[in-house]
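For reference, the structure discussed in these notes is given below.
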Amino acid sequence: MIRPHRRHPLWLAFALHRVSGLLLALFLPAHFGLLGTALNGAEPLDAALAWTDNPLVKFAEFGLVFLLAVHMFGGLRLLALEFLPWSPRQKTLAAAAVALAAATGGAFALQLV
Amino acid sequence: MTTAQKSGSGTDTIGNHGTGEGADESAGSSAPGAALSVSVWRGGPGGGRFHDYEVPARESQTVLDVVSWIQQEAEPALAYRFACRVGMCGSCAMTVNGVPRWTCRTHVQRVAANGRLQIAPLRNLPVIRDLAVDMDPFFERWTAAEGRFHPGTTRHDPMAPVDPASPARREADAAIECINCAVCHAACDTVAADPDYLGPAPLNRAWTLLNDAKDEGRDAILDAVAGRGGCLSCHSMGSCTRHCPNGLDPMRAIAGLKRATALRALRGRR
Ligand code: SF4
Ligand code: SF4
Ligand code: FES
């Protein structure tokens, strides 16, 4: 349960940014591990890549794209907040960042099917 | 002692509560004649627990009225603080149903959930007793953030002109009406997580001074707020702005300090 003083859009945007960042950090070792299989020749890499054709993995990739997008747009929002002249519309900007991420993830999901 | 109260059908239209973001909890108001179920945290630095009281519900009752009623009628030893009762002194802040608020200008009708109130001391400050917290750590941060005026002239010098329409003065004016209530300090999760963090109110104060044409402490201020626990620790989660009862925007002030700090670093001055 989110404690009452945290129930507002910018805190949720902060939480989303933190959680997506942590999940991406967890994904990175797997990413490098897979790329690292190429060190032993094309064979192991191809085997690993064949595994990623699994529909479940494909679907997980959609989540990954969403996480990347939400972290990137959220990060751009924070840069704008901190370095551009102040805008009082911070909640709108946070909503826009999530909407752009959803659109990016959605576009990726659509080209999957 | 606690009994569940059926919520009445009162209105939610009482004005006169300056919270910037409007109501964030739905009002469950009690009709006059009904009673409120109030849990008040009682204890000291070593711990404590909530005690339950039944308090008569009244029209236009504030949370501070409820606490005062308990102290006068039920629990004479209850420790709490207030002074002005009109939202000027900043001494009456408490945690009401999980949200930090100035109690003297928070209407019960607006925040009670089904006739229930839970009142606790402010978060992020040491409890002295019951609802009274030690404000020293809060004000020590004001000093650490150089939140004091740095005069550059004496009474014999001419007064520095201040243009009220200049962008810097507008920034200062927008942030200056702080009543030192520590509501933002209690709302901020970075304050909770990082003992070195100066917190929203002291940084907001530093920002007003940085924009004050008469203040000559620009470098001292930027040194104070650029260091460990300074403005760069802020995660821009905006709970300070959300809950400041005076409608100030410390998050904006801190973003301004971040810009000023970065600009100074880019220019190679520090
Ligand atoms: S914006 Fe900064 S100061 Fe305000 S609550 Fe968030 S971390 Fe704290
Ligand atoms: S900035 Fe607002 S919430 Fe924080 S101490 Fe000042 S008046 Fe209170
Ligand atoms: S009693 Fe002074 S601000 Fe509430």
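The values are calculated or read from the model by the stated rules, or taken from the named source; none is laboratory data. All values reported here derive from a predicted model rather than from experimental measurement. FYI the Cβ positions are ideal-geometry reconstructions off the backbone, even for glycines, and counts take in every protein chain you see. Protein only, heavy atoms only, side chains kept; ligands, DNA and RNA dropped before computing areas. Shrake-Rupley method; radii C 1.70, N 1.55, O 1.52, S 1.80 Å.
Would you call B:Arg58 within 27 Å of B:Cys240 (Cα to Cα), basic (Lys, Arg) and not assigned by TED's automatic domain parsing to the domain that holds B:Ala187? The answer is no for B:Arg58. Summed over the stretch A:44-57, residues that are out of contact with any helix residue (DSSP H, G or I) (no Cβ under 8 Å at 6 or more places or on another chain) and exposed (fewer than 11 other Cβ atoms within 10 Å of the Cβ) total 5. Considering only residues that are farther than 15 Å from A:Phe14 by Cβ, more than 16 Å from ligand 3 (Cβ to nearest atom), more than 7 Å from chain A (Cβ to nearest Cβ) and open to solvent by 10 Å² or more (accessible area, probe 1.4 Å), which ones fall in the stretch B:229-258? Across the stretch B:229-258, the qualifying residues are B:Leu232, B:Asp249. Taken over the stretch A:65-90, the residue count meeting the criterion of being more than 9 Å from chain B (Cβ to nearest Cβ), farther than 17 Å from A:Ala15 by Cα and surrounded by 13 or more Cβ atoms within 10 Å (Cβ to Cβ) is 2. When B:Glu59 is tested against (1) modelled with pLDDT of 95 or more; (2) open to solvent by 40 Å² or more (accessible area, probe 1.4 Å), only condition (1) is not met. For the stretch B:188-208, the candidate set comprises residues that are without any contact (Cβ under 8 Å) to a residue 60 or more places away in the chain and among the hydrophobic types (A, V, I, L, M, F, W, C); within that set, the residue that is most open to solvent (accessible area, probe 1.4 Å) is B:Ala193. Scanning the stretch B:80-112 for residues that are aromatic (Phe, Trp, Tyr) and either farther than 21 Å from B:Gly44 by Cα or crowded, with 20+ Cβ neighbours inside 10 Å (or both) turns up B:Tyr80, B:Trp102. It is to be established whether one or more residues within the stretch B:209-221 are within 15 Å of ligand 1 (Cβ to nearest atom) and either more than 13 Å from chain A (Cβ to nearest Cβ) or open to solvent by less than 60 Å² (accessible area, probe 1.4 Å) (or both). Within the stretch B:209-221, not a single residue is within 15 Å of ligand 1 (Cβ to nearest atom) and either more than 13 Å from chain A (Cβ to nearest Cβ) or open to solvent by less than 60 Å² (accessible area, probe 1.4 Å) (or both).
Take the conditions (1) open to solvent by less than 70 Å² (accessible area, probe 1.4 Å); (2) facing chain B (nearest Cβ under 9 Å); A:Gly41 misses just one of them, which is (2).
Pairing each residue of the stretch A:44-59 that is in a helix (DSSP H, G or I) with any residue that is of a type in the set (Phe, Trp, Tyr), provided the two are 6+ apart or on different chains, yields C-beta distances under 8 Å for A:Val57/A:Trp51.
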